[in-house]
Amino acid sequence: MGSEVVVADSERFVIVGAGMAGAKGAEALRALGFDGRITLLGDEPHRPYERPPLSKEYLLGNTGFDAAYVHDEGWYADNRVDLQLQVSVRRIDRSLRQVELADDTRIDFDKLLITTGAHPRSLPVPGIEAEGVLHLRRVEDSDRIKRTLAEVDRLVVVGAGWIGLEVAAAARAAGVAVTIVETAELPLLRVLGPEVAQVFADLHRAHGVEFRFGTAVDEIRTSGGRTTGVRLTDGAEVPADAVLVAVGVDPDVELAQQAGLRVQNGILVDASLRTPDPNIVAAGDVANAFNPLLGKQIRVEHWANALNQPATAAAAMLGRDAEYSELPYFFTDQYAPDAGGIGMEFLGYVEPGGYEQVVFRGDVAAREFIAFWLNGGRVVAGMNVNVWDVQDQLRTLITSGTTVDPATLADPDTPLNDLIAR
């Protein structure tokens with residue numbers, strides 16, 4: 001991936017979706033030498049920003065919103081990126097190679113990058129429109145949650161995924177009583193499996209969170225148009241002044257579907273992030289990409305994909321050979337470190353039932369450990385909790401396909417690098 005200019009100035013590349021992936025796509029095109037026109041279209045009023053702070057540092061009030069921006073305000077003009085905000089794309093016309101905006105404006109493109117991301121799922125239950133029902137996707141949502149946590153005494157969180165747990169931790173830091181409602185038997189069960197999911201259940205219980213497992217919300221109870229709690233499918237009622245709905249997201253594929261692109265849990269793309277249309281690529285939360293390292297199609301809803309995939313997509317737009325074969329990576333911070341909190345990084349990919357055992361190295365009770373997911377005697381994923389500077393070793397251990405002895409893997413006196421060498 002050299003930096004030479006490879007296209008004429010008359011060419012126009014359009015990016016639909018001005019989140020982190022879209023901004024990084026524009027950055028990568030310039031870094032790879034594209035000297036033509038770049039138009040970046042977004043429906044929010046803010047220039048592109050990262051979303052993880054919305055449930056972490058920004059929600060907690062530890063950082064201002066300026067820290068979340070992908071680029072400085074002047075970067076787009078300095079790099080000749082035509083950033084158009086608060087615009088809605090109505091459809092993609094593949095035959096004419098145009099995107100049509102809601103105001104009937106049409107923009108020609110030679111190549112198109114779709115980075116439309118995902119949108120939060122709602123709940124098809126009575127009361128979902130009541131005042132005090134919260135979702136989290138945009139900065140305005142985070143601001144609303146922050147204001148709410150300063151005003152209420154009781155919060156119900158529906159869904160024990162990453163967003164639900166992180167907001168629950170922020171709520172407890174604000175002194176709000178929290179009840180989490182989850183259909184599964186443990187938080188993060190599908191993501192981590194029961195062995196490690198229990199760690200997060202114990203963490204939140206230790207900080208005063210109440211769980212209601214194996215049930216769901218049947219109704220959001222209201223009075224005068226404002227939520228007063230929830231009724232569960234098991235008949236129980238939980239009082240609350242606010243309800244956060246955090247039951248996952250769906251990829252924003254409407255434009256792709258209307259354009260006749262292949263859609264299945266996201267926009268289906270190959271390892272180069274190309275769709276079957278040679279002029280269209282996709283990246284970030286919306287892309288269901290073939291990962292050659294894992295040998296399967298996967299869609300990952302995490303920051304690292306939005307950060308790293310656009311470089312591959314940009315290379316594909318320029319007609320270069322490139323593959324995205326990174327291991328999925330995500331991180332979380334829940335509760336303060338000096339209050340028994342967790343800082344965690346996860347690397348790899350494991351599906352429910354896709355591993356044979358979990359091996360722990362370190363002190364699980366003290367929440368200072370590394371967990372390894374093994375399948376066929378090989379490490380397929382690893383998670384370090386309050387243990388740092390091991391990501392490089394984990395990556396090498398996973399990608400090497402080395403067969404390991406579980407007892408040796410659990411031994412903290414055996415360096416990870418020694419396991420790789422064996």
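With a requirement of 3 or more residues that are surrounded by 14 or more Cβ atoms within 10 Å (Cβ to Cβ), the strands (runs of 3 or more DSSP E) lying completely within the range 1-118 that satisfy it span 12-16, 37-41, 81-84, 89-93, 98-101, 111-114.
Residues in the range 171-192 that are open to solvent by less than 10 Å² (accessible area, probe 1.4 Å) and under 15 Å from Ala206 (Cα atoms): Ala171, Val176, Val178, Ile180, Pro187. Listed by first and then second residue, the pairs linking a residue in the range 131-143 that is surrounded by 15 or more Cβ atoms within 10 Å (Cβ to Cβ) to a residue that is part of a loop (DSSP other than H, G, I, E, B), with Cβ atoms under 7 Å apart and 6 or more places separating them unless they lie on different chains, are Gly132/Asp241; Leu136/Ala246; Arg138/Glu44; Val139/His46; Asp141/His135; Ser142/Leu136. Would you confirm, using the coordinates I've provided, whether Val152 is part of a loop (DSSP other than H, G, I, E, B) and closer than 27 Å to Gly224 by Cα? Criteria met by Val152.
Exactly one residue out of Leu327, Leu318 is out of contact with any Pro (no Cβ under 9 Å at 6 or more places or on another chain) and either within 25 Å of Gly248 (Cα to Cα) or modelled with pLDDT under 95 (or both): that is Leu327.
Which count do you get for residues in the range 332-345 that are in a strand (DSSP E or B) and touching a residue at least 60 places away in the same chain (Cβ under 8 Å)? Qualifying residue count, the range 332-345: 4. Condition (residue is in contact with a Phe, Trp or Tyr (Cβ under 7 Å, 6 or more places away or on another chain), farther than 22 Å from Phe330 by Cα, at pLDDT 95 or above and small (Gly, Ala, Ser)) applied to the range 35-42: is it met by at least one residue? Yes, the range 35-42 has at least one match.
Is there a residue being of a type outside the set (D, E, K, R), on the phi > 0 side of the Ramachandran plot and under 21 Å from the mean Cα position of the chain (by Cα) anywhere in the range 345-352? Scanning the range 345-352 turns up at least one residue that is of a type outside the set (D, E, K, R), on the phi > 0 side of the Ramachandran plot and under 21 Å from the mean Cα position of the chain (by Cα).
If I filter the range 243-257 for residues that are acidic (Asp, Glu), touching a Pro at 6+ places or on another chain (Cβ under 6 Å), touching a residue at least 60 places away in the same chain (Cβ under 8 Å) and open to solvent by 10 Å² or more (accessible area, probe 1.4 Å), do I get at least one hit?
Taking the range 243-257 as the starting set, the residues that turn out to be acidic (Asp, Glu) are 250, 252, 254.
Pick out the ones that are also touching a Pro at 6+ places or on another chain (Cβ under 6 Å) and you get none.
No; the residues of the range 243-257 include none that is acidic (Asp, Glu), touching a Pro at 6+ places or on another chain (Cβ under 6 Å), touching a residue at least 60 places away in the same chain (Cβ under 8 Å) and open to solvent by 10 Å² or more (accessible area, probe 1.4 Å).
Among the residues making up the range 169-188, those that are free of Cβ contacts under 8 Å to residues at least 60 places away in the same chain and hydrophobic (A, V, I, L, M, F, W, C) are Ala171, Ala174, Val176, Ala177, Val178, Ile180, Val181, Ala184, Leu186, Leu188. Every listed requirement among (1) of a type in the set (Gly, Ala, Ser); (2) touching a residue at least 12 places away in the same chain (Cβ under 8 Å); (3) on the phi > 0 side of the Ramachandran plot is met by Ala311 save one, (3). For the range 203-240, residues that are out of contact with any Ser or Thr (no Cβ under 7 Å at 6 or more places or on another chain), open to solvent by 60 Å² or more (accessible area, probe 1.4 Å) and under 30 Å from Val385 (Cβ atoms) total 2.
Are any of the residues in the range 69-86 out of contact with any Cys (no Cβ under 7 Å at 6 or more places or on another chain) and over 30 Å from Ala315 (Cα atoms)? Working first, answer last.
The first filter runs over the range 69-86 and keeps only residues out of contact with any Cys (no Cβ under 7 Å at 6 or more places or on another chain), leaving 69-86.
Going one step further and asking which of them are over 30 Å from Ala315 (Cα atoms), we end up with none.
No, every residue in the range 69-86 fails to be out of contact with any Cys (no Cβ under 7 Å at 6 or more places or on another chain) and over 30 Å from Ala315 (Cα atoms).
Looking at the range 262-274, which of its residues are surrounded by fewer than 24 Cβ atoms within 10 Å (Cβ to Cβ), without any contact (Cβ under 8 Å) to a residue 40 or more places away in the chain and not charged (D, E, K, R)? Spell out how you get there, then give the answer.
At the first step, the residues of the range 262-274 found to be surrounded by fewer than 24 Cβ atoms within 10 Å (Cβ to Cβ) are 262-265, 268, 270-272, 274.
Among the residues that remain, those that are also without any contact (Cβ under 8 Å) to a residue 40 or more places away in the chain are: 262-265, 268, 270.
Within the range 262-274, Val263, Gln264, Asn265, Leu268 meet the criteria.
If you scan the range 314-356, which residues turn out to be of a type in the set (Gly, Ala, Ser) and either open to solvent by 20 Å² or more (accessible area, probe 1.4 Å) or out of contact with any helix residue (DSSP H, G or I) (no Cβ under 6 Å at 6 or more places or on another chain) (or both)? Hits for the range 314-356 are Ala315, Ala316, Gly319, Ser325, Ala336, Ala339, Gly340, Gly341, Gly343, Gly353, Gly354.
The values are calculated or read from the model by the stated rules, or taken from the named source; none is laboratory data. From a predicted model like this one, the values you see are computed outputs, not experimental measurements. So basically every Cβ, Gly included, is an ideal-geometry build from the backbone, and we count neighbours across all protein chains shown. Heads up: the accessible areas ignore ligands, DNA and RNA and are worked out on the full protein's heavy atoms, side chains in. Shrake-Rupley method; radii C 1.70, N 1.55, O 1.52, S 1.80 Å.
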